[in-house]
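J.: Sharing a structure with you now.
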Amino acid sequence: MDVTPILESLNDAQRQAVTAPAEPTLVIAGAGSGKTRVLVHRAAWLIDVEGLSPQSLLAVTFTNKAAAEMRGRIEGLLGMPVGHLWIGTFHGLAHRLLRRHWREANLPQNFQIIDADDQLRLIKRLLKNLEIDDSRWVPREIQYFINAQKDEGLRPRHLADEGDPNRRQMIALYEAYEDICQRGGLVDFAELLLRAHELWRDNAELLDHYRRRFQHLLVDEFQDTNAIQYAWLRLLAGDTGIPFVVGDDDQSIYRWRGARVEHIYRFQKDFPAATVVKLEQNYRSTATILNAANAVIANNNSRMGKNLWTEGPEGESIKVYAAYNERDESDFVIARLRDWIDHGNVRADAAVLYRSNAQSRVLEEGLINAGIPYRVYGGLRFFERAEIKDALAYLRLISHRDDDASFERIVNKPTRGIGARTVEAMRSYARANSCSMWRAAGALASDELAGRAANAVLAFINLIETMARDIDGLSLQEQVDHVIHASGLIDFFKKEKGEKGETRIENLLELVSAARSFEPDPLEEMSPLDEFLSHAALEAGEGQAEAWEDCVQLMTMHSAKGLEFPLVFLSGMEDGLFPHQRSIADPDGLEEERRLCYVGITRAKQTLYVTYAEQRRLHGMDNFSQPSRFIAEIPDEYMEEIRPRVLVTRPMRSPSRSSGSTQPGAELGIRLGQRVRHGKFGDGVILNCEGQGAHARVEVNFETAGTKWLVLSYANLDLM
Ligand code: ATP
Ligand code: MG
């Protein structure tokens, strides 16, 4: 048999792993060393050379996208489709099992999957039914408790209250929640895994069937498995299954979701005969990028320790850009992207990474202005996020009472006792009388609706009218700020404790930032609010690339795991943002942030930009921050400051929207806040830049001569 195609372009260690005997194997290696590649080749090897049926393999990856990619690559190597190969995420595979064996799993055939939002709603309803005070028993905390138990494989009966009445109540709520789910045939994400585990644990015959079927268990990103996932694998492997797991302890970034890097050690205990293969050669990044990543991660104490090297070229140095503010940062990133595209590169080869979702807004705005198609990977674009749409719907309704779509979106959000039946009555009234929902609401409330419903509707009408009055005469920013609070949206999301609710609030506050930076067109006859709303509508509709279209990739560092790009930007590298404020005081948290940074740096193949803003308006507030401590951990020899940093001595206006996003004058070293000297006007500070090449102009505030626009090519400015 011709085995060369499969073993081709593998190094010795990789080849050893791919052709390892049918025994448990652990491949532990750093970023870009070919772990995923080895996994793919192992699958192809087993099928093609060892002659196994694709049915006898089970492959687990971290995302659906990765699973699809892996299947494609295996098929590419084999030159044939492998439809029977079970490949997917832990959740996806568990779901498949439960669908097949719903009876044994004690589920109705048509069981429904509920997502985290549904789960939270269910818990709230439960509390209401039990007449439990939800300010004392916070739904989000109950949700967290339940999921954490399930992730550890624990049912209520396994839990002891330890004499703690709080815990007793939590356990009781967990039990009540389980009852509702069981009765309704509802399965949450954590339940998928737990139920699939129990399915095998309690059905010897079934387990035996699957043990015989799946001889080889291939797992990517093993460092991020949680307890129940590990237990599921362990159970399936039994004494006969052959696990082949690949991972990197330095890339464990989901501790906060219950992932335990300790499973790497556990694996070696559970399978003492396991062959451990280390891959040390990196094929992804230039030596400069790799050395920088190695230097950063070396600051972590809890590591297995690896030495990654590359034969690749030294490559360009890492470019560090100290932006004056978040706009300047975005302008800079976009100018570099433009350059990249103009040189004939593929847009999808460029990725802009950030720590938290809200950071995408300014970047998205810049990309839209610059006409560069982009996609927000693994998340929604800013103006498409549910909470942003909610806030905009309030603003629209305030501005146009007859906007039915906005009306329907928020008439009962936050919940105010306007049920589906009332809304339906308004709809038919509106249809029958060819009027808007708003008018229908007014008419019905004073006429046909029953007392309680009528009161609720009147209260809503009153709320909108009052807000409209209250924001009259306020600045755009104040209007948005007022509405997100007065509508009750902020309070509503505050109750949704934890990461998700926090993110929603951050995004809402970011909308205030957006309003503050928005510069209405003085010639426009619309009100600034209307102008802002149409701007938002356009942004939501525009820019998002079609599925087939080549576009720049925007994503959080978490979603970038496992991926690689020739050009990478790590943006927002500021202490407090990254490492995140929450983690700074906690050594374990800080180490996890550093691993995330390691993941970020190692996504880059050739070119890496690191940017930070000295001043950032985020979540509606201005922050002055220090560069991320992780930048300081990169040895100087690998870095290059793009332009000398200038101390900004006074606050500057942000560049006007009309100035475009291409950073005029950047080639000449001109930047906002830059101090300059002019032969005639003396010393000044650059406030604004406009235009390109020979037309580039700057606005300078001279200490004695006042503010002047100068054409750069004539002005002969000295940089100071
Ligand atoms: P991560 O830790 O980020 O998941 P990884 O260890 O899974 O990385 P891969 O994505 O498999 O690494 O490989 C990184 C890059 O190096 C890929 O582009 C891959 O094709 C390439 N590569 C890996 N091994 C070799 C090799 N022996 N020869 C040439 N290219 C290789
Ligand atoms: Mg990988």
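Taken together, the values in this text are just the output of simple stated rules run on the coordinates, not laboratory data. Because the structure is a prediction, the values reported are computed rather than measured. Virtual Cβ from ideal backbone geometry, glycine too; neighbours counted across all protein chains shown.
J.: Using Cβ counts within 10 Å as a stand-in for footprinting exposure, how do Leu533, Leu353, Leu7 rank, fewest first? Kindly include the intermediate steps, with their values, before the conclusion.
T.: On the way: Leu533 20, Leu353 28, Leu7 15.
Ascending number of Cβ neighbours within 10 Å: Leu7, Leu533, Leu353.
J.: Continuing with the same structure: When averaged across all projection directions, what area in nm² does the alpha-carbon convex hull of the chain cover?
T.: The directionally averaged projection comes out at 36.5 nm².
J.: While we're here: Please list the non-local residues whose amide H lies under 5 Å from the amide H of Asn688, H modeled 1.01 Å from N, same-chain partners needing a gap of 5 or more.
T.: Here the answer is Glu699, since their amide H atoms fall under 5 Å of that of Asn688.
J.: Suppose a student asked you for the relative contact order of segment 214-350, using Cα pairs under 8 Å spaced at least 6 residues apart; what percent would you report?
T.: Details: 126 pairs, mean separation 26.5, N = 137.
Averaging sequence separation for qualifying contacts and normalising by length gives 19 percent for segment 214-350.
J.: For the chain, what is the relative contact order in percent, using Cα pairs closer than 8 Å and at least 6 residues apart in sequence? List each step's numbers first, then the result.
T.: On the way: 1170 pairs, mean separation 109.3, N = 720.
Worked out over the chain, it gives 15 percent.
J.: Hey, another quick one. Could you go through segment 15-23 in sequence order and give the Karplus-derived ³J(HN,Hα) for each residue, using 6.51 cos²θ - 1.76 cosθ + 1.60 with θ = phi - 60°, rounded to whole Hz, and x for Gly and Pro?
T.: 5, 4, 5, 4, 9, 3, x, 6, 9
J.: Let me know the charge dipole size of the chain about its Cα centre in debye, to the nearest 20, where only the beta-carbon of Lys, Arg (+1) and Asp, Glu (-1) is charged.
T.: Details: 86 positive and 105 negative charges, 235 e Å.
Here the chain has a charge dipole of around 1120 debye.
J.: Too long at a 20 Å Cα-Cα cut-off: which of Lys128/Lys494; Lys389/Lys494; Lys128/Lys497; Lys65/Lys389; Lys413/Lys495; Lys413/Lys500? Provide the component values of the computation, followed by the final result.
T.: Numbers: Lys128/Lys494 18 Å; Lys389/Lys494 17 Å; Lys128/Lys497 18 Å; Lys65/Lys389 27 Å; Lys413/Lys495 13 Å; Lys413/Lys500 17 Å.
Check vs 20 Å cut-off fails for Lys65/Lys389.
J.: Let me ask you something else. What number, in percent, do you get for the relative contact order of segment 1-111 if the mean sequence gap of Cα pairs under 8 Å and at least 6 apart is divided by its residue count?
T.: 22 percent
J.: If we count other beta carbons within 10 Å of each Cβ, what is the order of Asp447, Asp134, fewest first?
T.: Working: Asp447 9, Asp134 15.
Ordered from fewest to most neighbouring Cβ atoms within 10 Å, Asp447, Asp134 come out as Asp447, Asp134.
J.: Let me ask something else. Within the chain, which is the longest segment containing none of the trypsin sites (Lys or Arg not before Pro) that sit in a DSSP loop and have at most 11 other Cβ atoms within 10 Å? Mind dumping the intermediate values first?
T.: On the way: sites that count: Arg103, Arg136, Arg653, Lys680.
Longest gap between qualifying sites, sites excluded: 137-652.
J.: Across segment 625-635, in residue order, what do the Karplus-derived ³J(HN,Hα) couplings come to in whole Hz, using 6.51 cos²θ - 1.76 cosθ + 1.60 with θ = phi - 60° and x for Gly and Pro?
T.: Couplings: 9, 8, x, 3, 4, 5, 5, 5, 7, 8, x Hz.
J.: Rounded to whole Å and sorted largest first, list the principal axis extents of the Cα atoms in segment 190-310.
T.: 54, 29, 24
J.: Using DSSP to define loop residues, name the GluC sites (Glu not before Pro) in segment 19-128 whose beta-carbon has at most 16 other beta-carbon atoms within 10 Å.
T.: On the way: sites: Glu50, Glu69, Glu75, Glu104; in loops: Glu50, Glu104.
Sparse-neighbourhood loop GluC sites (Glu not before Pro): Glu50, Glu104.
J.: Which residues' amide hydrogens lie under 5 Å from the amide hydrogen of Phe244, considering only partners 5 or more residues apart or on another chain, with H built in the peptide plane?
T.: Thr25, Leu217, Leu218, Val219
J.: Additional query: Nearest 20 debye, what's the magnitude of the dipole of segment 107-257 about its Cα centre given +1 on Lys and Arg Cβ and -1 on Asp and Glu Cβ? Could you put the intermediate results ahead of the total?
T.: On the way: 20 positive and 28 negative charges, 86 e Å.
Rounded to the nearest 20 debye, it is 420 debye.
J.: To continue, here is another question. Please report, in debye to the nearest 20, how large the charge dipole of segment 384-535 is about its Cα centre when each Lys and Arg carries +1 at its beta carbon and each Asp and Glu carries -1 there. List each step's numbers first, then the result.
T.: Values: 19 positive and 27 negative charges, 191 e Å.
Computed about the Cα centre, the dipole is about 920 debye.
J.: Return His263, His482 ranked ascending by Cβ neighbour count within 10 Å, so the fewest neighbours appear first. Display every interim value, and only then the final one.
T.: Values: His263 25, His482 15.
Starting with the residue having the fewest Cβ neighbours, the order is His482, His263.
J.: Read phi for every residue in segment 298-309 and hand back ³J(HN,Hα) as whole Hz from Karplus 6.51 cos²θ - 1.76 cosθ + 1.60, θ = phi - 60°, with x for Gly and Pro.
T.: Along segment 298-309, the couplings run 4, 6, 7, 7, 8, 9, 7, x, 9, 10, 9, 9 Hz.
J.: Sticking with this one: If amide H atoms are built 1.01 Å from N in the plane of the peptide, which residues on other chains or at least 5 residues away come under 5 Å of the amide H of Val552?
T.: Here the answer is Tyr374, Arg375, since their amide H atoms fall under 5 Å of that of Val552.
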